[in-house]
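**Q** There's a structure below that I have some questions on.
The values are calculated or read from the model by the stated rules, or taken from the named source; none is laboratory data. Just so it is clear, the model here is predicted, and its values are computed rather than measured. Cβ: placed from backbone, ideal geometry, glycine included. Neighbour counts: every protein chain shown.
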Amino acid sequence: MTDHDPDCEKCEELLQGYLDRDLTRQEVVIAEGHLDRCDYCRRRYRFEERLRRYIRVSASERMPAGLLAKLAELRDPTANGL
Ligand SMILES: [Zn+2]
């Protein structure tokens, strides 16, 4: 990875939005097209995806109470009507 592919730079730019499902249709096509043919970015994407899942779990304590309760409901049906 000495010379940086401009497509990779674009992909890195889009990656966060892609993980947030926050891209336009066109941007999704660009990101997915690149991830499909670039090992480097695909690995990055998988890493970021795992990282986010981990962050989501560890950040759940700081979530707004309403959302936290909603998640608890989903996780544990007996928590309904808490
Ligand atoms: Zn790439």
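**Q** Just to verify a result, which residue in segment 12-27, among those that are closer than 19 Å to Asp39 by Cα and of a type in the set (A, V, I, L, M, F, W, C), is farthest from the ligand (Cβ to nearest atom)?
**A** Leu19
**Q** Do the conditions hold for Asp36, that is, is it on the phi < 0 side of the Ramachandran plot, within 8 Å of the ligand (Cβ to nearest atom) and acidic (Asp, Glu)?
**A** No; evaluated as a whole, the condition is false for this residue.
**Q** Yes or no: segment 45-66 includes at least one residue that is assigned to a helix (DSSP H, G or I), at pLDDT 95 or above and surrounded by 14 or more Cβ atoms within 10 Å (Cβ to Cβ).
**A** Checked against the condition, which is being assigned to a helix (DSSP H, G or I), at pLDDT 95 or above and surrounded by 14 or more Cβ atoms within 10 Å (Cβ to Cβ), segment 45-66 yields at least one hit.
**Q** Which of the numbered conditions does Asp36 fail, given that it passes all the others? Conditions: (1) exposed (fewer than 10 other Cβ atoms within 10 Å of the Cβ); (2) modelled with pLDDT of 80 or more; (3) under 16 Å from the mean Cα position of the chain (by Cα).
**A** Condition (3) is where Asp36 drops out.
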